[in-house]
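First the structure, which I've put down as structure tokens, then a few questions once you've had a look.
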Amino acid sequence: MTTFGENPFSPQEIASEGIKPEEYTEIVRRLGRHPNKAELGMFGVMWSEHCCYKNSRPLLKQFPTTGPRILVGPGENAGVVDIGDGLQLAFKIESHNHPSAVEPFQGAATGVGGILRDIFTMGARPIALLNSLRFGDLNDPKTQRLFTGVVAGISHYGNCVGVPTVGGEVYFDPAYSGNPLVNVMALGLMETSEIVKSGASGFGNPVLYVGSTTGRDGMGGASFASAELTEESMDNRPAVQVGDPFVEKSLIEACLEAFKTGAVVAAQDMGAAGITCSTSEMAAKGGVGIDFDLDKIPVRESGMIPYEYLLSESQERMLFVAEKGREQELIDIFHRWGLQAVVAGTVIEEPIVRIWFEGKIAAEIPADALAENTPLYERELLTEPPEYAQKAWQWTSDSLPICNAAGIEIAGSLQTWNDILLTLLDTPSIASKSWVYRQYDHQVQNNTVLLPGGADAAVVRLRPLEETPTLTSPIANLKSGVAATVDCNSRYVYLDPYEGAKAVVAEAARNLSCVGAEPIAVTDNLNFGSPEKPIGYWQLSSACRGLSEGCRELGTPVTGGNVSLYNETFDAEGNPQPIYPTPVVGMVGLIPDLTKICGQGWQNVGDVIYLLGLSIQSTIELGASEYLATIHHTIAGKPPRIDFDLERRVQKACRDGIRSGWVNSAHDSAEGGVAVAIAESCLSGNLGAEINFPIGVNNNSRFDEVLFGEGGARILVSVSEENQEKWESYLEEHIPENCQLLGTVTNSGNLTILTGDNQKLVQVSIQDMSDRYSQAISNRLAIYTNT
């Protein structure tokens, strides 16, 4: 038995780096000695879940990652897809959850900066941002502080750096009260003839540090992001980075200029784990080593030690491998943009990361041990669903009060369907997010075609700044666009992770189809609790299985993404409170002709309204619905089951209708069901509607299921009367059993919903709906700011 002398670290010191006792033993075995403090820190960040995915990697292998349009899949800084005309799109989503819980402004701002670097590191110019946000109850002052801080951080960084924030989603639920989620997605258009990869190569090639200076901010952020939040976490502000969007803007331009010289062999953003991650990942991916001198690094603070250099997550920094002899050419470019640029290392043959400080070796570790050959945990899966899920699945609508055409009795008083609809429109998760997106510059770069709030997905014009070797036609002839969306109904996933995750993929594709885009690829952000707990791992494993199936069924391969686990908050008694499992899907779609798109609002008085998907008479249950949660304060039932054959046929019909010029508006039925979807189309177009649901008062269906039930692959479309015959002929040929004429667009100023025998279910004015819908968030924040 080999002995390695006395352990220089206490169990507490080892645990403080996020390293388990058995992992420390493995570190000693690999090194053949005990690590020093700097090396222990390097292993701590690189073996964290945030960097090495030690709990999720076995599950991610099932995702489909190849396809005819996929140019770069998982493993690089971002995925890249071929979008025709010689254009290539880079895109990815990342999380900054824990930093945003501690310091919401900088946590969110640096989340934006980090995802942008992932994009332009590939050689792509960022063209759009989206975000997916989750917070606790908006009536809670703590939630309001986090919410306003996060939105301010996103708007500050995105607006200053000059990249439009074009879309996203915001949900509020007590499950996120201690642990908000901040997921940011970015898209970029390739500007270089070759995609820039991260694997180092060329023995003797110089390694350049470029960008901003290094300080002590963001120390150990990767480890911090891989642990549960406690009351002590709120004091861990050094683990939150501080960003400078104006430096980032210069970095974008300098990097793209440098890449075009052909002198850059490889590039890597210094994100999580900073210098440690960039040196080890570049070396491991290239099968080489890197010799690196910390004394060459420009610093903003004095007296820093190797541990601090190596674990700092100071923002706006990059690592390049350059062609030998051309380093000065690159240094001059960065200096011209007012940025730091120094030769700090060399590519070596021995596959190790060797760090120097003050003329001595400060750390020496095999690159593979840090970045590739990391711990892997294949945990035991529950043999049956956990008790909470089985109990929830027993719920049926029979437990709800009896309802009729007039409404439903709740707590001893009659609530009309008008009342219920207005209450749902006033729910912050459903209500207008204009308070949020009005703070974002969504039109900078002048390529945003559909503005936030106007459609089910964002649409951006594809317009390169200059001709590139890959273009097959002149810029002036380009008329294509890209659509993007981020989606997740986490209540669905909580109640049934497998079915809920399939629904996430289906809704994302449906949203793209509603603007006329063909879904082509996915990036995902898996936000979950602790995988070390049986329920947490069951949720993660089941959701990954559902995502995989959904992506295969809809032909949208996964190009990469992010895993954020341990999203739990310990209360004062030490009890863990996990978030809802939240696998956010960012999906992109291709629009061949930007003149053939549409938004969600009614366009013309007299247009005919159709429902695609399951008919009004179909059985749509209330399990997992927004209606059940908001009106009856019940989180139970099973989420809607996805019929992928139906989804494919309905979505294709919607796209074909838009591209043929027949469909004037399209909006999917999601949270709140068909009634809320119709109301949103009225509000978006500022026009009324008269709707006839072909059911009678004596029909066996519950009226709340008809109005507010969710699921069914449903899309609302409106069609001009002159195109009605052609549209109906198409529907009869392609989806005869899954289309239904519901009514017409009016200028009455009201939304009216009647039964088949002319009983009035809903009649509410656009003004009343708008008052609730548009002011729900600002009214709650007004109470907060006035106290």
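The values are calculated or read from the model by the stated rules, or taken from the named source; none is laboratory data. Since this is a predicted model, take the numbers as computed values, not measurements. As a convention, Cβ positions derive from the backbone with ideal geometry for all residues, glycine included, and neighbour counts pool all protein chains shown. The protein model used for the area step is the full one, side chains on, heavy atoms only, and it has no ligands, DNA or RNA in it. Shrake-Rupley method; radii C 1.70, N 1.55, O 1.52, S 1.80 Å.
Among the candidates SER100, SER56, SER10, which residue alone is touching a Cys at 6+ places or on another chain (Cβ under 9 Å) and either at pLDDT below 95 or open to solvent by 40 Å² or more (accessible area, probe 1.4 Å) (or both)?
Details: SER100 fails: touching a Cys at 6+ places or on another chain (Cβ under 9 Å); SER10 fails: touching a Cys at 6+ places or on another chain (Cβ under 9 Å).
One residue alone meets the criteria, SER56.
May I ask you to say which residue of GLU169, GLU191 is open to solvent by 10 Å² or more (accessible area, probe 1.4 Å) and over 30 Å from GLU626 (Cβ atoms)?
Only one candidate qualifies: GLU191.
In addition: Within the set of pairs 6+ apart or on separate chains, which have a first residue in segment 23-51 that is farther than 29 Å from GLY561 by Cβ and basic (Lys, Arg), a second that is open to solvent by 40 Å² or more (accessible area, probe 1.4 Å) and in a helix (DSSP H, G or I), and C-beta atoms under 7 Å apart?
Every condition considered, the pairs that remain are LYS37/TYR307.
OK, next. Which of the residues belonging to segment 360-407 are open to solvent by 60 Å² or more (accessible area, probe 1.4 Å), free of Cβ contacts under 8 Å to residues at least 12 places away in the same chain and either among the small types (Gly, Ala, Ser) or closer than 30 Å to GLY303 by Cβ (or both)?
LYS360, ILE361, SER399
Return the pair list, or none, for Cβ contacts closer than 9 Å from residues in segment 700-723 that are free of Cβ contacts under 8 Å to residues at least 24 places away in the same chain to residues that are of a type in the set (Val, Ile, Thr), at least 6 apart or on different chains.
none
Please specify each residue of segment 615-661 satisfying the condition of being of a type in the set (A, V, I, L, M), at pLDDT 95 or above and farther than 25 Å from PHE172 by Cα. Talk me through it step by step, then tell me what you get.
Of all residues in segment 615-661, those of a type in the set (A, V, I, L, M) come to 616, 620, 622, 624, 628-629, 631, 635-636, 642, 646, 650, 653, 658.
Going one step further and asking which of them are at pLDDT 95 or above, we end up with 622, 624, 628-629, 631, 635-636, 642, 646, 650, 653, 658.
Passing the criteria: LEU646, VAL650, ALA653, ILE658.
Let me ask something else about it. Which ones in segment 562-590 are assigned to a strand (DSSP E or B) and touching a Phe, Trp or Tyr at 6+ places or on another chain (Cβ under 9 Å)?
VAL563, SER564, PRO576, GLN577, PRO578, THR582, PRO583, GLY586, VAL588
Here is a further query. Where in segment 682-787 are there helices (runs of 4 or more DSSP H), lying wholly inside it, with at least 3 residues that are open to solvent by 10 Å² or more (accessible area, probe 1.4 Å) and among the acidic types (Asp, Glu)? I'd like the intermediate steps shown before the answer.
Details: elements: 703-708, 724-734, 766-785.
Result: 724-734.
Report yes if some residue within segment 80-94 is farther than 29 Å from SER155 by Cα, of a type in the set (D, E, K, R) and within 23 Å of the chain's Cα centre (by Cα); otherwise report no.
Yes, segment 80-94 contains a residue that is farther than 29 Å from SER155 by Cα, of a type in the set (D, E, K, R) and within 23 Å of the chain's Cα centre (by Cα).
Listed here are the residues, each with its yes/no results for (1) modelled with pLDDT of 95 or more; (2) assigned to a helix (DSSP H, G or I); (3) farther than 30 Å from GLY516 by Cα.
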{"site": "PRO385", "(1), (2), (3)": "yes, no, yes"}
{"site": "ALA389", "(1), (2), (3)": "yes, yes, yes"}
{"site": "TRP395", "(1), (2), (3)": "yes, no, yes"}
{"site": "THR423", "(1), (2), (3)": "yes, yes, yes"}
{"site": "PRO428", "(1), (2), (3)": "yes, no, no"}
{"site": "ASN446", "(1), (2), (3)": "no, no, no"}
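Go through segment 24-47 and report how many residues are part of a helix (DSSP H, G or I), surrounded by fewer than 18 Cβ atoms within 10 Å (Cβ to Cβ) and not β-branched (Val, Ile, Thr).
5
Identify, please: which residue in segment 585-621 is of a type in the set (A, V, I, L, M) and touching a Lys or Arg at 6+ places or on another chain (Cβ under 8 Å) and is, among those, nearest to THR744 (Cα to Cα)?
Only one residue fits best here, namely LEU611.
Which residues, counting only those in segment 558-611, are under 30 Å from SER660 (Cα atoms) and charged (D, E, K, R)?
Correct list: ASP593, LYS596, ASP607.
Could you please let me know if PRO531 is surrounded by fewer than 24 Cβ atoms within 10 Å (Cβ to Cβ) and not hydrophobic (A, V, I, L, M, F, W, C)?
Judged against the criteria, PRO531 is a match.
Can you work out which of the residues in segment 588-607 that are open to solvent by 10 Å² or more (accessible area, probe 1.4 Å) and in contact with an Asp or Glu (Cβ under 7 Å, 6 or more places away or on another chain) is nearest to GLU728 (Cα to Cα)?
GLY606
If you scan segment 430-444, which residues turn out to be under 27 Å from ALA124 (Cβ atoms), assigned to a loop (DSSP other than H, G, I, E, B) and open to solvent by 20 Å² or more (accessible area, probe 1.4 Å)?
GLN439, ASP441, HIS442, GLN443, VAL444
Considering only segment 663-676, I want to know if a residue exists there that is in a helix (DSSP H, G or I), out of contact with any helix residue (DSSP H, G or I) (no Cβ under 6 Å at 6 or more places or on another chain) and open to solvent by less than 20 Å² (accessible area, probe 1.4 Å).
Taking segment 663-676 first, the residues in a helix (DSSP H, G or I) are 673-676.
Narrowing the set further to residues that are out of contact with any helix residue (DSSP H, G or I) (no Cβ under 6 Å at 6 or more places or on another chain) leaves 674.
Still in the running and open to solvent by less than 20 Å² (accessible area, probe 1.4 Å): 674.
So far as segment 663-676 goes, yes, one or more of its residues are in a helix (DSSP H, G or I), out of contact with any helix residue (DSSP H, G or I) (no Cβ under 6 Å at 6 or more places or on another chain) and open to solvent by less than 20 Å² (accessible area, probe 1.4 Å).
Out of segment 283-307, which residues are farther than 14 Å from ILE365 by Cβ and either outside any loop (DSSP other than H, G, I, E, B) or aromatic (Phe, Trp, Tyr) (or both)?
Answer for segment 283-307, where residues must be farther than 14 Å from ILE365 by Cβ and either outside any loop (DSSP other than H, G, I, E, B) or aromatic (Phe, Trp, Tyr) (or both): LYS285, GLY286, ASP293, LEU294, ASP295, LYS296, VAL299.
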